[in-house]
Amino acid sequence: SIAEKKEYTMNSQIATDPAVMKKVFTDMQTVAPSDSYGLILGSHASGWMKGNSVQSKAFGDDDGYNINIPDLADVLKNSFSEKLDFVLFDACMMGTAEVGYELKEITSHCIASVMETPALGFPYKKIFSYLYSENIDYSAVCHEFISFNKVNKAWGTCAVMDCSQMENLASAVKAKLSEWQDALSSVSMQNVQQYGVNSYKYFSYDVLDFFRELGGKSGVAETDLNEAIASIQTVLNEAVIAKECIPNPSNSSFRVDEARFCGIGMYIPKEYNPYVANKTAWNSYYERSISWYRAAGWADLNLN
């Protein structure tokens with residue numbers, strides 16, 4: 001078939017205004033009707049965190065205006081009648097359990113990096129053929145992104161969440177936090193792989209690596225640790241369906257231990273993480289606005 005290029009322009013407006021976003025999405029569906037849609041969002045971003053709570057942006061910075069993840073989920077829910085096939089974030093720090101959980105009613109899959117992403121972005125010439133397929137090879141999408149970064153001597157992580165599994169992941173995390181809650185105060189957070197740098201440091205820790213550390217502080221012998229965290233690993237295997245990273249990039253600031261890379265991260269609140277005890281804006285927003293906080297059981301622990 002012959003591809004047709006269609007251009008659509010709007011007057012100067014704030015791109016992250018929910019009303020503007022909805023109009024763009026609904027107009028797009030009128031101009032280019034389809035049985036299903038995938039969405040690529042490229043911008044500066046700061047994961048689940050609220051805009052202006054760090055020296056950066058929430059998702060989609062447009063001249064200082066941005067949109068927070070719960071609001072983005074609402075916009076997408078109000079703009080599409082069916083779930084999106086995927087949302088690909090060509091943006092920093094979006095590969096977290098918090099983001100995947102927030103979007104679980106909106107999209108089937110979420111493609112993102114838990115770390116900062118190089119300015120070159122995704123290699124679209126290489127990945128579009130996969131994204132247009134009826135059954136997307138998500139491992140190939142991650143591999144192309146990582147290979148592209150290696151060639152360009154950059155860093156990178158990439159993972160794909162099956163958002164239909166995020167409720168199961170939250171339940172597994174909640175159960176294990178409840179089981180091992182007495183050991184939470186003993187966790188040495190410096191032993192857990194975290195994915196932020198500079199002003200973003202400590203915004204997200206590897207989900208599975210955190211439970212490895214917590215299990216050890218709970219008295220589980222190292223030889224029995226894999227069995228003890230099997231409930232988390234099993235659900236992660238279903239929730240994170242593809243992942244790849246560059247373990248030793250030339251830029252040492254972005255070093256990742258591949259053996260401890262489960263694909264996605266999660267925030268550890270101030271009660272259990274001394275490194276964010278003074279992050280008032282982070283913690284307040286996390287507890288009040290991010291759905292994962294309650295779904296994963298952090299709120300229940302705080303009540304004990």
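For region 73-123, taking Cα atoms only, what is the radius of gyration to one decimal and the Dmax to the nearest whole Å?
11.5, 33
If you take the Cα Rg of region 91-188 and divide it by 2.2 N^0.38 Å, with N the number of residues, what do you get? Kindly include the intermediate steps, with their values, before the conclusion.
Numbers: Rg = 16.4 Å, N = 98, 2.2 N^0.38 = 12.6 Å.
Ratio of Cα Rg to 2.2 N^0.38 Å: 1.30.
Can you tell me the orientation of helix 166-179 relative to the chain, as the angle in degrees between its alpha-carbon axis and the longest Cα principal axis, to the nearest 10?
10 degrees
I'd like to compare 136-142, 175-181: which one has the highest average count of other Cβ atoms within 10 Å, and what's the full order after that? Could the numbers behind the result be given before it?
On the way: 136-142: 19.4, 175-181: 16.6.
For the peptides 136-142, 175-181, the packing ranking is 136-142, 175-181.
Could you tell me which Cys residues in the chain have no other cysteine's Cβ under 4.7 Å from their own Cβ, answering none if every one has a partner?
Lacking a cysteine Cβ partner under 4.7 Å: Cys92, Cys110, Cys163, Cys245, Cys262.
Near the amide H of Ile40, under 5 Å away, which other amide H atoms are found, from residues 5 or more places off or on another chain, if H is placed in the peptide plane?
HN-HN under 5 Å from Ile40: Leu88.
If you line up the long axis of helix 280-289 against the longest principal axis of the chain, both from Cα atoms, how many degrees apart are they, to the nearest 10?
Computed tilt is about 70 degrees.
Using a/c under 1.5 as the rounded threshold, could you call region 34-156 rounded, prolate or oblate? The axes a ≥ b ≥ c are square roots of the C-alpha gyration tensor eigenvalues, and prolate needs a/b larger than b/c, oblate otherwise. Please report the intermediate quantities before stating the final value.
Values: a/c = 1.98, a/b = 1.07, b/c = 1.84.
It comes out oblate by the Cα gyration axes.
Please list, in order along region 219-229, the HN-Hα scalar couplings obtained from phi with the Karplus expression 6.51 cos²θ - 1.76 cosθ + 1.60 (θ = phi - 60°), rounded to whole Hz, x for Gly and Pro.
Per residue, the Karplus-derived 3J(HN,Hα) values read x, 6, 5, 4, 5, 9, 5, 4, 5, 5, 9 Hz.
For the ranges 260-273, 195-208, 94-107, what's the packing order if you count other beta-carbon atoms within 10 Å of each residue, average per peptide, and put the highest first? Mind dumping the intermediate values first?
On the way: 260-273: 22.1, 195-208: 19.9, 94-107: 25.9.
Ranked from most to least packed, the peptides come out as 94-107, 260-273, 195-208.
When the chain is treated as a GNM, springs tying every alpha-carbon pair under 10 Å, which of Ile111, Ile146, Ile40 comes out with the largest mean-square fluctuation?
The residue with the greatest mean-square fluctuation here is Ile40.
Which value, in Å to one decimal place, does the Kirkwood hydrodynamic radius take for the chain when every pair of different Cα atoms is included?
Result for the chain stands at 19.9 Å.
Let me have the relative contact order for the chain, percent, based on Cα pairs under 8 Å that are six or more residues apart. Write down the numbers at each step before the final one.
On the way: 543 pairs, mean separation 54.0, N = 304.
It rounds to 18 percent for the chain.
Relative to the longest principal axis of the C-alpha atoms of the chain, give the angle of the C-alpha long axis of helix 138-151, reported between 0 and 90° and rounded to the nearest 10°.
90 degrees
Residue by residue through region 91-104, what is 3J(HN,Hα) from phi via Karplus (6.51 cos²θ - 1.76 cosθ + 1.60, θ = phi - 60°)? Round to whole Hz and write x for glycine and proline.
6, 6, 6, 8, x, 10, 4, 4, 5, x, 5, 5, 9, 5
Using the structure shown, select from Lys201/Lys243; Lys50/Lys153; Lys153/Lys176 the pairs with a Cα to Cα distance greater than 27 angstrom.
On the way: Lys201/Lys243 22 Å; Lys50/Lys153 31 Å; Lys153/Lys176 39 Å.
Correct reply: Lys50/Lys153; Lys153/Lys176.
Rule-based calculations on the coordinates, nothing more; no lab input. Everything quoted here is computed from the prediction, not taken from an experiment. In this analysis, Cβ positions are derived from the backbone assuming ideal geometry, glycine residues included, and neighbour counts consider all displayed protein chains.
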